[in-house]
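Below: the structure, in structure tokens.
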2 protein chains.
Amino acid sequence: MALMTKKKSPSIQTVDSIIHARWIIPVEPVQTTYENYSLVIDKGHILELLPQNKCKKKYTSLIEHHLDTHVLTPGFVNTHTHAAMNLMRGLADDLPLMQWLNEHIWPTETQCINYDFVYQGTELAIAEMLRSGTTSFNDMYFFPDAAAKIAEKAGIRATIGLIMIDFPSAWAKDSDDYLHKGLQLHEQYHHHPLISCAFAPHAPYTVSDGPLKQIKIYAEELDIPIHIHLHETSDEVSQAVSQNQQSPIDRLYDLGLLSPLLIAVHMTQLNDDEIKLLAEHNVNIVHCPESNMKLASGFCPVGKLLAADINVALGTDGAASNNDLDMLSEMHSAALLAKAVAADASVLPAHQALQMATLNGAKALGLDSITGSLVAGKAADIIAIDLHNSECLPIFNPLSQIVYSSSREQITDVWVQGKHLLNKRQLTTLDIESIKKNAILWSEKIQGIFNKK
Amino acid sequence: MALMTKKKSPSIQTVDSIIHARWIIPVEPVQTTYENYSLVIDKGHILELLPQNKCKKKYTSLIEHHLDTHVLTPGFVNTHTHAAMNLMRGLADDLPLMQWLNEHIWPTETQCINYDFVYQGTELAIAEMLRSGTTSFNDMYFFPDAAAKIAEKAGIRATIGLIMIDFPSAWAKDSDDYLHKGLQLHEQYHHHPLISCAFAPHAPYTVSDGPLKQIKIYAEELDIPIHIHLHETSDEVSQAVSQNQQSPIDRLYDLGLLSPLLIAVHMTQLNDDEIKLLAEHNVNIVHCPESNMKLASGFCPVGKLLAADINVALGTDGAASNNDLDMLSEMHSAALLAKAVAADASVLPAHQALQMATLNGAKALGLDSITGSLVAGKAADIIAIDLHNSECLPIFNPLSQIVYSSSREQITDVWVQGKHLLNKRQLTTLDIESIKKNAILWSEKIQGIFNKK
């Protein structure tokens, strides 16, 4: 086992907190399940994982959690979302992508979006994410300063997208303005322990070559990721080919954007040559199975991507097209759909699905030295899932229960950097009642807009 | 609104119970949502649905439920499951159908199955089903007498499959024995208000022509459904064609089995001529999206089936291949997958998904005059879903929340035939702690078998 080896001491060491759990699935080493283990936390980091009986002889803490029917895993890394869109959950369903955007989402955004919308929408999303086990998220939306602010308050780990789009918005008036405000935000959070930034050009069809070239230069200089929607639908690809005589992937290749810094989201339209090209350039792919199905965008060939050794992470997309931010459900959908698409039931087995939902996301965000697995030295970004209910019993292998049988309400506790953000289903840094009230107020405003028309 | 019209009386009528709910989605009439309505229950049946303010002037009851943040819908009809297989949940995952059956499921069944296994396994399944809003289930398994007994004790509505298979089992030694025991069970429950029976020949590849012919005769005579796995995988179809020079559907057609009594489960392999044939004979189809994906069986063309006006119901399949009996999740998967398969985001909209999970199942089972929608005169088979949480807010349309955002733990209350079987998440007819203990004991026995090998 790849545990950190510590110098043994005859005396018992006092630490910040200890979690004793029935099972721990650390994701690293792969396919490992520890039974009756303890996880020792000190100064926000994982100090050691060791058998409970050994732990009692070695460590003590004023805070010890006994989770006798629970499994600990790394917190989920939701590698693609538009958190503030939680306020548009269920506003429009059962529509194709462009009709959904043109007739419902964009009109609402034009009328509603401001700092408060993004702050309160992201707050609602963070409440939902923490309550469903997400400890890190990768966001793309307007007013990223508002998203960063509330993420900081909540204590969740976040990669804030420095949005870039060719159209003016309430956030910025042109590409220079988007870039300038983005760089300012990156500067502001540069040394923050939980908040980082990524460039977030919306999509090839909404961002022109000029800003993409600038983003490439800055991303390399600052060593931060580039988060983009790519090959989401066949229309996107065919229109690009007819307009520019090349696919969006080929265009990004020409612009020098295919690299380990690229986080390419959706990717439902891929031929074998493109998969080879993406693998050669170590591009990260984010699979969003529920959004892709709901918008009928297509099937991401996850089995082929994994076979090509591409880093595939998992994202929920925004709640307006999902309609939740539930990574357990997303992992479940991903594991099931990949088998059906590959016509092979052995594709994307449970352990690989969990790795996609955790470590692979951290890797895409450049955070895998910090989070994504439960190993000594990493941040204590941890969730506890209670498996002792009639929906998950009996248990032959707790990993199977996590991926195939459990639901978000079984996530009892969440820690980020050692801080207990969800304690027996109660949020400790956010006021859930005021969040719910705000959500209802915003829905009344949005309905007012549509009723006026 | 198609409400029952009652003779008005100046006096207030006393009834068994009244549920006042924020929303009621009755499924019939289609695409209807009542807001701030009351549902009046008397003698196990729905007496009336009417606005809350009118209800207060017309009815009174000692039992009034105020569900101010909830939506009422018909209870779910799980139209295909193998309830007792809950004891094999997660025993083997990430394997193709025949390897999963031959190497894991069938060996376990050979060693374990007896009356107690089925009784306690079905009890675990019923606990799970009630806790996730299922009020009726259509079962297929050995020892159907045990399943009927515990369903009766729990008070859930059940269609018990009279299993038929060419192989001997602990339940019956040959096809005559299967048939005889089945008919006896049907006779026993013939007049039961909640338990009914259906013939359940396992699949065309496991039941020969003789017993299928007998089943056809008896099913027509007794007017009960025939529940069968059909065209589940491409191997099933291609092997049948190579062995018998006809597809399983064509064979059932020749045997006279294609009729409104037939409940054909899975149906992932269908060409346009077969869809036409099934429509002409009013065959009922049960879609099991999660099982079909998990076993990589294929994609049921739900969009085409609905366009052909075929009655399509929804089933979870057994927990060994799902791995839960969660109809909310199944409905979610069905609605998403159908859009992706049809490459059309408007296919299987939320209201149709809910109808598949309720009324269409009742219709397939021949129970649509009794259950499947909330209309006056039908049995009070009702569930309440609380939508007031950070995962479901804001609410533009509660139907969207049911299908796309809610989870089983939000189902707070369940009534079957007016009896309150789940009361604020507590089961009223089953002992959940003993059920969980039994599940663990059985898993230890099953693990013992595999460890011995």
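Bear in mind that the values in this text are calculations on the coordinates, not laboratory data. The shown structure was predicted, so the numbers you read here are calculated from the model rather than taken from an experiment. Using ideal geometry, Cβ is built from the backbone for each residue, glycine included, and neighbour counts are taken over all protein chains shown.
Summing charges over all other residues whose Cβ lies under 13 Å from the Cβ of A:Asn86, with Lys and Arg as +1 and Asp and Glu as -1, gives -4. You can think of it this way: the chain between A:Lys437 and A:Glu103 has 117.6 nm of extra reach, that is 0.36 nm per residue less the Cα-Cα gap.
Take every Cα pair under 8 Å whose residues are at least 6 apart in sequence, average their separation, divide by the length of chain A, and the relative contact order is 20 percent.
Per-residue 3J(HN,Hα) values for segment A:285-292, derived from phi via the Karplus relation 6.51 cos²θ - 1.76 cosθ + 1.60 with θ = phi - 60°, read 10, 10, 8, 10, x, 6, 5, 4 Hz in sequence order (x marks Gly and Pro). Take each peptide in A:229-240, B:259-270, count the other Cβ atoms within 10 Å of every residue, and average; sorted highest first, the result is B:259-270, A:229-240. Between B:Glu187 and B:Ser208, the contour length at 0.36 nm per residue exceeds the alpha carbon distance by 5.1 nm.
Within the straight-line cut-off of under 14 Å between alpha carbons, the aspartates and glutamates reachable from A:Lys445 are A:Glu109, A:Asp116, sequence neighbours fewer than 8 places apart in one chain being disregarded.
Can you sort A:Ser38, A:Ser400 by how many other beta carbons sit within 10 Å, fewest first?
On the way: A:Ser38 25, A:Ser400 22.
In order of increasing Cβ crowding within 10 Å: A:Ser400, A:Ser38.
Only Lys, Arg, Asp and Glu carry charge here, each on its Cβ (+1 for the first two, -1 for the last two); on that basis segment A:76-364 has a dipole of about 560 debye about its Cα centre. Can you tally the net charge around A:Gln188? Count Lys and Arg as +1, Asp and Glu as -1, for every other residue whose Cβ sits under 11 Å from the Cβ of A:Gln188. Summing Lys/Arg as +1 and Asp/Glu as -1 gives -1. Where chain A is carried onto chain B by rotation, the Cβ closest to that axis, with its residue and distance in Å, is A:Glu409, 2. Scalar couplings 3J(HN,Hα) for segment B:125-141, obtained by applying the Karplus form with A = 6.51, B = -1.76, C = 1.60 to θ = phi - 60°, are 5, 5, 4, 4, 5, 4, 5, 10, x, 7, 10, 9, 9, 10, 9, 9, 6 Hz; x denotes Gly and Pro. Among B:Phe117, A:Phe137, the order by Cβ neighbours within 10 angstrom, fewest to most, reads B:Phe117, A:Phe137.
Near A:Leu67, once Lys and Arg are set to +1 and Asp and Glu to -1 for all other residues with Cβ below 9 Å from its Cβ, the sum equals -2.
For the cross-link pairs B:Lys378/B:Lys419; B:Lys43/B:Lys378; A:Lys56/A:Lys424, which exceed 18 Å when the distance is taken from alpha carbon to alpha carbon? Violating the 18 Å limit, Cα to Cα: A:Lys56/A:Lys424.
Here segment A:24-82 and segment B:285-348 have alpha carbon centers that stand 37 Å from each other. Computed over chain A, the P(r) curve from all C-alpha pair distances, binned at 20 Å from the origin, holds 26, 58, 16, 1 percent per bin. Inter-label distance, A:Ser169 to B:Ile12: 5.5 nm, where each label sits 7 Å from its Cα along the C-beta direction. In sequence order, segment A:208-217 has phi-based couplings of 8, 4, x, x, 5, 5, 4, 4, 4, 4 Hz under the Karplus curve 6.51 cos²θ - 1.76 cosθ + 1.60, θ = phi - 60°, and Gly or Pro positions carry x.
Annotation: amide H of B:Ser17 within the under-5 Å range of B:Ile41, sequence separation 5 or more or interchain, hydrogens built in the peptide plane. Inter-copy label distances at A:Gln447, shortest first and taken from points set 7 Å along Cα to Cβ: 5.1 nm. Mean partner shielding of peptide B:91-99, defined as the number of other chain Cβ atoms within 10 Å of each residue Cβ, is 5. Here segment A:383-453 and segment A:96-152 have alpha carbon centers that stand 17 Å from each other.
The modelled label-to-label distance between B:Ala307 and B:Ile217, using points 7 Å beyond Cα along the C-beta direction, is 4.2 nm.
Could you work out, residue by residue across B:322-334, how many beta carbons of other chains sit within 10 Å of that residue's beta carbon, and then give the average as an integer? All intermediate terms of the calculation are to be shown ahead of the outcome.
Details: counts 3, 9, 9, 3, 3, 0, 1, 5, 0, 0, 8, 7, 0.
Per residue, the average neighbour count from other chains is 4.
Computed over the protein assembly as shown, the P(r) tail beyond 45 angstrom holds 28 percent of alpha carbon pairs.
Residues of B:437-449, mean number of Cβ from any other protein chain within 10 Å of their own Cβ, rounded to a whole number? The mean count of partner-chain Cβ atoms within 10 Å per residue comes to 2.
Of the residues B:His70, A:His104, the one with the fewest other Cβ atoms within 10 Å heads the list, and the complete ranking is A:His104, B:His70.
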